[in-house]
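The values are calculated or read from the model by the stated rules, or taken from the named source; none is laboratory data. What you see is a predicted model; the values in this text were computed from it and never measured. Note that each Cβ is placed from the backbone with ideal geometry, even for glycine, and that neighbours are counted across all protein chains shown.
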């Protein structure tokens, strides 16, 4: 079954840091604080943590099984595990989702480079909130500059990918992930030293259980899904590089804990500062590029804090773009028997085109919409609300109905050398509970649950 000659990560720490990098991205640094702010603070955090343990962890283990057992790319994995069947569509869905996400994700990632440059040159200094808003809208809707930064970010990603798994992805992760944690801790320490910090920490850690609604639960489940990169082929691709001695259970636990820690630290970084300066915690998408720079500029050495913050964002974005690029590169490289370098160039060129179109959708192509959404938002909707939940759900169904329990157990216990105390409960969960839970997320994201409820 497995490809014994397949390259692997060179060390245990490399496995953990690379896989954490796969999960940690703008979703944890930006989307998580925004979701916390929009869904009742600590109540959302509590439900998110429960969902991470009960939903995210088992599904991550399942994707690890598929990846290492097949030792193949996200599409090739299902071909090997279920040859001659339509189950391979799950893999194709993951590869396509990763490719499309990388296209519009690179646009936002490029924005981080613009703001690093502005912080370095002092361009953020002395601006009012209105000026921050106007300048961001002017920049994002312009033609050439955002595309230039988008291509620059794709180039950074490309350089790491063509260097290979061990010398590229693993080596970069060993540098970037510790740096990300250090910068995040520095910003957290600065945030908790601001006046009025107690209000922000109470919002984050003191739950109001009355705010736990069905909507909050479903949103927390969706954030778990998003933050752990479930259903887009990343975890399958990365785990295909795991060695046979890798403890899949322990690795999944370590990645889940570290990812949750990053999200938690992001909340500590954001909310004390937000409340200290009287900003609404529901500021939403503007939190990163408008609200937080405005806050930093009100602090002593504001440019320095802005610079550090956008370096953090860039690192978080790069760890994600690497994993997304690798999904598509590994597929092209293995399925079409190309060199890794040629495959990477094809993916980078395709992503650059998508990125340019997505960037222009904020300006020159703004009038061209799909279902009332600009191209950027349409791709975001397609991938995050349809392709990822569908992919994750079908992965659970596939393992539940197609894979023999003894095969599953043998892989997850390294042929009996590692104990899996709750294997039967895990197998039941993956077969029945997880697909139902993800199905709820899927229906909620499409707005169908409200429509169904309204019928009664």
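Filtering the stretch 355-375 to residues that are part of a helix (DSSP H, G or I) and crowded, with 23+ Cβ neighbours inside 10 Å leaves 355, 358, 359. Residue 138 satisfies every condition listed in (1) under 19 Å from residue 15 (Cβ atoms); (2) over 19 Å from the mean Cα position of the chain (by Cα) except (1).
For the stretch 1-67, please list each of the helices (runs of 4 or more DSSP H) lying entirely inside it that holds at least 3 residues being at pLDDT 80 or above. Ranges flagged: 32-38, 42-51. Within the set 226, 203, the sole residue that is farther than 30 Å from residue 452 by Cβ, surrounded by 18 or more Cβ atoms within 10 Å (Cβ to Cβ) and touching a residue at least 40 places away in the same chain (Cβ under 8 Å) turns out to be 203. Only one of the numbered conditions (1) more than 16 Å from the chain's Cα centre (by Cα); (2) closer than 21 Å to residue 251 by Cβ is not met by residue 56, and that is (1).
Looking at the structure I just gave you, is residue 155 more than 19 Å from the chain's Cα centre (by Cα), touching a residue at least 24 places away in the same chain (Cβ under 8 Å), loosely packed, with under 15 Cβ neighbours inside 10 Å and part of a helix (DSSP H, G or I)? Yes: the conditions hold for residue 155. Determine, yes or no, whether residue 399 is part of a helix (DSSP H, G or I) and either farther than 26 Å from residue 90 by Cβ or over 26 Å from the mean Cα position of the chain (by Cα) (or both). No; evaluated as a whole, the condition is false for this residue. For the stretch 336-356, what are the residues that are touching a residue at least 60 places away in the same chain (Cβ under 8 Å) and in contact with a helix residue (DSSP H, G or I) (Cβ under 6 Å, 6 or more places away or on another chain)? If the condition is that a residue be touching a residue at least 60 places away in the same chain (Cβ under 8 Å) and in contact with a helix residue (DSSP H, G or I) (Cβ under 6 Å, 6 or more places away or on another chain), then 340, 341, 344, 347, 348, 351, 352, 354, 355, 356 are the ones that fit. So the check is Cβ under 6 Å with 6+ separation or different chains; which pairs have a first residue in the stretch 118-137 that's modelled with pLDDT of 90 or more and a second one that's surrounded by 17 or more Cβ atoms within 10 Å (Cβ to Cβ) and assigned to a loop (DSSP other than H, G, I, E, B)? Note: pairs meeting the criteria are 118/124. Residue 281 passes every criterion in (1) within 23 Å of residue 201 (Cα to Cα); (2) assigned to a helix (DSSP H, G or I) apart from (2).
Residues are listed down the side, and each one gets a yes or a no for (1) touching a residue at least 40 places away in the same chain (Cβ under 8 Å); (2) closer than 18 Å to residue 19 by Cα:
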site: 44; (1), (2): yes, no
site: 56; (1), (2): yes, yes
site: 67; (1), (2): yes, yes
site: 81; (1), (2): yes, no
site: 86; (1), (2): no, no
site: 98; (1), (2): yes, yes
site: 102; (1), (2): yes, yes
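Whether any residue in the stretch 413-425 is surrounded by 19 or more Cβ atoms within 10 Å (Cβ to Cβ) and modelled with pLDDT of 90 or more is what I want to check. Taking every residue of the stretch 413-425 in turn, none turns out to be surrounded by 19 or more Cβ atoms within 10 Å (Cβ to Cβ) and modelled with pLDDT of 90 or more. Taken together, the criteria exclude residue 82 from residues that are at pLDDT 90 or above, surrounded by fewer than 21 Cβ atoms within 10 Å (Cβ to Cβ), within 25 Å of the chain's Cα centre (by Cα) and farther than 23 Å from residue 306 by Cβ.
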